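A short write-up of the structure that comes next.
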């Protein structure tokens, strides 16, 4: 059965997709811990990151770094955090999060009330920063 991430990638359900290539894709989290919170997901459905093929893991990390650089420019955080937890969806995903303190890595602080307009604005900011690196 396809995961929710596979359904987002297939455009079966909506998602604010920031990046897409043959190995992975990235989209904004709809419950961001902080503005710009992005998930980098391999297209191949694998539950645990330690089971990813080395090439896929390396590529996902490279894309997470690229997105983190765009987040630094777009949101000016003190740091960009990276987390792999994987309890909610059985499909590897890297959380790339602009952070100003450790509380920005706590899922208890996720914003379930962010508006679609705010997500669209964040997506545009990040895409603009990514376009500068092409």
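Would you mind ranking 54, 45 by Cβ crowding within 10 Å, fewest neighbours first?
Details: 54 7, 45 16.
Listed from fewest to most nearby Cβ atoms, that is 54, 45.
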| How large is the helix-only mean residue ellipticity at 222 nm for the chain, computed as the sum of -39500 (n - 2.57) over DSSP H runs with n ≥ 4, divided by its residue count, in deg cm²/dmol to the nearest 500? | -10500 deg cm²/dmol
| query | How far, in degrees from 0 to 90, does helix 54-75 lean away from the longest principal axis of the Cα atoms of the chain, to the nearest 10? | reply | 10
| said: If I fit a long axis through the Cα atoms of helix 116-131 and take the longest principal axis of the Cα atoms of the chain, what angle between them do I get, 0 to 90°, rounded to 10? | reply: 80
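Read-outs throughout are calculated quantities, based only on the coordinates presented, and are distinct from any laboratory measurement. None of the values given here were measured: they were computed from a predicted structure. We place every Cβ from the backbone using ideal geometry, glycine too, and count neighbours over all the protein chains shown.
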